[in-house]
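K.L.:
Here you go, one structure.
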Amino acid sequence: MRNYLSVWAFYDNDWENLTDMVKTVQTSMTKEEVSRKFDVTIGYPVLDKRQPRFQVAPGTLISVNLNYDEIFRGWAQEREINTESGELTFTAQDCIIYLLRSKVTYNFKDIESEYAVEQIAKDLGIPYNIVPTTGIKISRKIDGKTAYEAIMEIYTQVSKQNGKFYIPYADHNMLSIMEKGIIIKNNTWYGYASETLTPDRNLIGLIYKDSMTSMVNRVKIYDDKGTYVGVTELPDMSKAYGVFQEEYHKEENKEPYTEAKKLFHSIDREFTVNTVGDWRYRTGYAILSQIPYVDLLTNKIMYIDGDTHIWDLAKGKYTTELKLSYDNTMDWKED
């Protein structure tokens, strides 16, 4: 697989190729931090006047291309010049940053979700591309939230009705929304097969941790005066691991058993892998795990909740680190 990376900056109505000066490039995104970030380090020799020194200041438009296809377009947010190392490092982010840093107020009434999202984007002057047509109408008062929070509040209401999960991303510098959990596919001679994570092919290393230290499998319910009301329990879990009990005290205008069940907590699992670099491995998608070291990682669909791609251009090395989850979840936003 070719992995030719190039970095460009827009100066004086033209694109300037910075690639020959680039040392390292790192990009990251998570399901909660959805504005993709590119950290780029370039040579910046202050003593050798024969060498070019490009001023990638905040606000500079940046484009990153992989195998001659643009994979990122965004604006430099900050830079740092280190004269001792002769380097300039800048961080660029895509258009989703404007959703994260802009506050909005709306009172949506019986409006289809796609129109509400498009209205937010239009008001902020953010172009949009793919906004799913759900056909689900929402009514939602949003007061002084970030535009990102507003959009995720909308999709939280949608998810409650259709059971799907959503995540925003920048698509050629336009806001798009994807249904989270799409399985990455490989094109084969007989059709399409799920992309597989395996030590025989692309896995470099992994860190796997599971823990029951935060488990809660029984909740006793009390009223506001401390009188016992009842109990809710996960009997299979308490039988397998023993009883880990929490208490819930009834709150006004809240159904006590529903609220008590929210305190249940199962085994925590943390799973990160380091792989051969592959741009397809990005937050929001899913991949098939065939890792024999742990039974739970064999023949299991894993959901990508965070990705970091690192290019060391001097060494010609490209690797990807993924934060994986057993469950397909989204960044729920509720009151």
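The values are calculated or read from the model by the stated rules, or taken from the named source; none is laboratory data. What you are looking at is a predicted structure, and each value in this text was computed from that prediction instead of being measured. Cβ placement follows ideal geometry from the backbone for every residue including glycine, while neighbour counts extend to all protein chains displayed. The protein model used for the area step is the full one, side chains on, heavy atoms only, and it has no ligands, DNA or RNA in it. Shrake-Rupley method; radii C 1.70, N 1.55, O 1.52, S 1.80 Å.
K.L.:
Please state which of the following conditions Ala170 fails to meet, knowing it meets all the rest: (1) outside any strand (DSSP E or B); (2) touching a residue at least 24 places away in the same chain (Cβ under 8 Å).
P.N.:
Result: Ala170 fails condition (1) only.
K.L.:
In this structure, does Ser238 turn out to be at pLDDT 95 or above, within 28 Å of the chain's Cα centre (by Cα) and among the small types (Gly, Ala, Ser)?
P.N.:
no
K.L.:
Please determine whether any residue of the range 154-166 is part of a strand (DSSP E or B), within 17 Å of Glu334 (Cβ to Cβ) and touching a residue at least 24 places away in the same chain (Cβ under 8 Å).
P.N.:
Among the residues of the range 154-166, at least one is part of a strand (DSSP E or B), within 17 Å of Glu334 (Cβ to Cβ) and touching a residue at least 24 places away in the same chain (Cβ under 8 Å), which makes the answer yes.
K.L.:
Follow-up. Tell me yes or no: at least one residue of the range 274-281 is open to solvent by less than 20 Å² (accessible area, probe 1.4 Å), among the hydrophobic types (A, V, I, L, M, F, W, C) and within 20 Å of the chain's Cα centre (by Cα). Walk me through how you get there before you give the answer.
P.N.:
Of the range 274-281, the ones open to solvent by less than 20 Å² (accessible area, probe 1.4 Å) are 275, 277-278, 281.
Filter once more, keeping what is among the hydrophobic types (A, V, I, L, M, F, W, C): none.
Scanning the range 274-281, I find no residue that is open to solvent by less than 20 Å² (accessible area, probe 1.4 Å), among the hydrophobic types (A, V, I, L, M, F, W, C) and within 20 Å of the chain's Cα centre (by Cα), so the answer is no.
K.L.:
Could you say whether any residue in the range 50-70 is within 30 Å of Ser159 (Cβ to Cβ) and open to solvent by 30 Å² or more (accessible area, probe 1.4 Å)?
P.N.:
Looking for residues that are within 30 Å of Ser159 (Cβ to Cβ) and open to solvent by 30 Å² or more (accessible area, probe 1.4 Å), one finds none in the range 50-70, hence no.
K.L.:
Okay, next question. Going by what's in this entry, would Glu334 be described as touching a residue at least 60 places away in the same chain (Cβ under 8 Å), exposed (fewer than 13 other Cβ atoms within 10 Å of the Cβ) and assigned to a strand (DSSP E or B)?
P.N.:
No, not satisfied.
K.L.:
Just one of the numbered conditions (1) within 20 Å of Glu179 (Cβ to Cβ); (2) in contact with a Leu (Cβ under 8 Å, 6 or more places away or on another chain); (3) crowded, with 16+ Cβ neighbours inside 10 Å is not true of Ile301; which one?
P.N.:
Checking Ile301 against (1) within 20 Å of Glu179 (Cβ to Cβ); (2) in contact with a Leu (Cβ under 8 Å, 6 or more places away or on another chain); (3) crowded, with 16+ Cβ neighbours inside 10 Å, the one that fails is (3).
K.L.:
Anything in the range 140-155 that is surrounded by fewer than 19 Cβ atoms within 10 Å (Cβ to Cβ) and under 16 Å from the mean Cα position of the chain (by Cα)? List them, or say none.
P.N.:
Passing the criteria: only Glu149.
K.L.:
Within the range 240-249, which residues are part of a helix (DSSP H, G or I) and open to solvent by 90 Å² or more (accessible area, probe 1.4 Å)?
P.N.:
Quick first cut of the range 240-249, residues part of a helix (DSSP H, G or I) only: 240-241.
Result: Tyr241, single match.
K.L.:
Cβ contacts < 8 Å: first residue within 22 Å of Ile96 (Cα to Cα), restricted to the range 122-143; second residue in a loop (DSSP other than H, G, I, E, B) and modelled with pLDDT of 95 or more, any location; separation 6+ or different chain. Result?
P.N.:
Within 8 Å, the pairs are Leu124/Ser102; Ile126/Cys95; Pro127/Cys95.
K.L.:
At least 1 residues that are open to solvent by 70 Å² or more (accessible area, probe 1.4 Å) in each: list the strands (runs of 3 or more DSSP E) lying fully within the range 193-239 that qualify.
P.N.:
Answer list for the range 193-239: 203-211, 228-233.
K.L.:
Let me ask something else. Which one of these is of a type outside the set (Asp, Glu) and more than 30 Å from Asp327 (Cα to Cα): Ala92, Ala121, Ala116?
P.N.:
Residue meeting the stated conditions: Ala92.
K.L.:
Can you give me the number of residues within the range 21-49 that are of a type in the set (S, T, N, Q), under 27 Å from Ile151 (Cα atoms) and open to solvent by less than 30 Å² (accessible area, probe 1.4 Å)?
P.N.:
Total satisfying the criteria: 2.
K.L.:
Same structure, new question: Restricting attention to the range 83-108, report how many residues are open to solvent by 20 Å² or more (accessible area, probe 1.4 Å), farther than 19 Å from Thr19 by Cα and in contact (Cβ under 8 Å) with a residue 12 or more places away in the chain.
P.N.:
Residues meeting the conditions: 9.
K.L.:
Scan the range 293-311 and give yes if some residue there is among the small types (Gly, Ala, Ser), assigned to a loop (DSSP other than H, G, I, E, B) and in contact with a strand residue (DSSP E or B) (Cβ under 7 Å, 6 or more places away or on another chain), otherwise no.
P.N.:
Scanning the range 293-311, I find no residue that is among the small types (Gly, Ala, Ser), assigned to a loop (DSSP other than H, G, I, E, B) and in contact with a strand residue (DSSP E or B) (Cβ under 7 Å, 6 or more places away or on another chain), so the answer is no.
K.L.:
Then there is this: Report every pair of residues separated by at least 6 positions or lying on different chains whose Cβ atoms are under 7 Å apart, first residue within the range 217-238 and under 15 Å from Glu251 (Cα atoms), second of a type in the set (Lys, Arg).
P.N.:
Close Cβ pairs (under 7 Å, with a partner that is of a type in the set (Lys, Arg)) amount to Ile221/Lys250; Tyr222/Lys250; Asp223/Lys250; Asp224/Lys250; Tyr228/Lys220; Val229/Lys250.
K.L.:
Any residue at all in the range 3-17 that is surrounded by 13 or more Cβ atoms within 10 Å (Cβ to Cβ) and under 30 Å from Met152 (Cα atoms)?
P.N.:
no
K.L.:
Of everything in the range 113-139, what is part of a strand (DSSP E or B), of a type outside the set (Val, Ile, Thr) and crowded, with 17+ Cβ neighbours inside 10 Å? Give them in sequence order.
P.N.:
Of everything in the range 113-139, just one residue is part of a strand (DSSP E or B), of a type outside the set (Val, Ile, Thr) and crowded, with 17+ Cβ neighbours inside 10 Å, namely Tyr128.
K.L.:
Restricting the first residue to the range 250-269 and requiring it to be among the hydrophobic types (A, V, I, L, M, F, W, C) and surrounded by 10 or more Cβ atoms within 10 Å (Cβ to Cβ), which pairs with a second residue that is part of a loop (DSSP other than H, G, I, E, B) and at pLDDT 95 or above meet a Cβ separation below 7 Å and a spacing of at least six or different chains?
P.N.:
Phe264/Asn217; Phe264/Leu234; Ile267/Met212; Ile267/Met215
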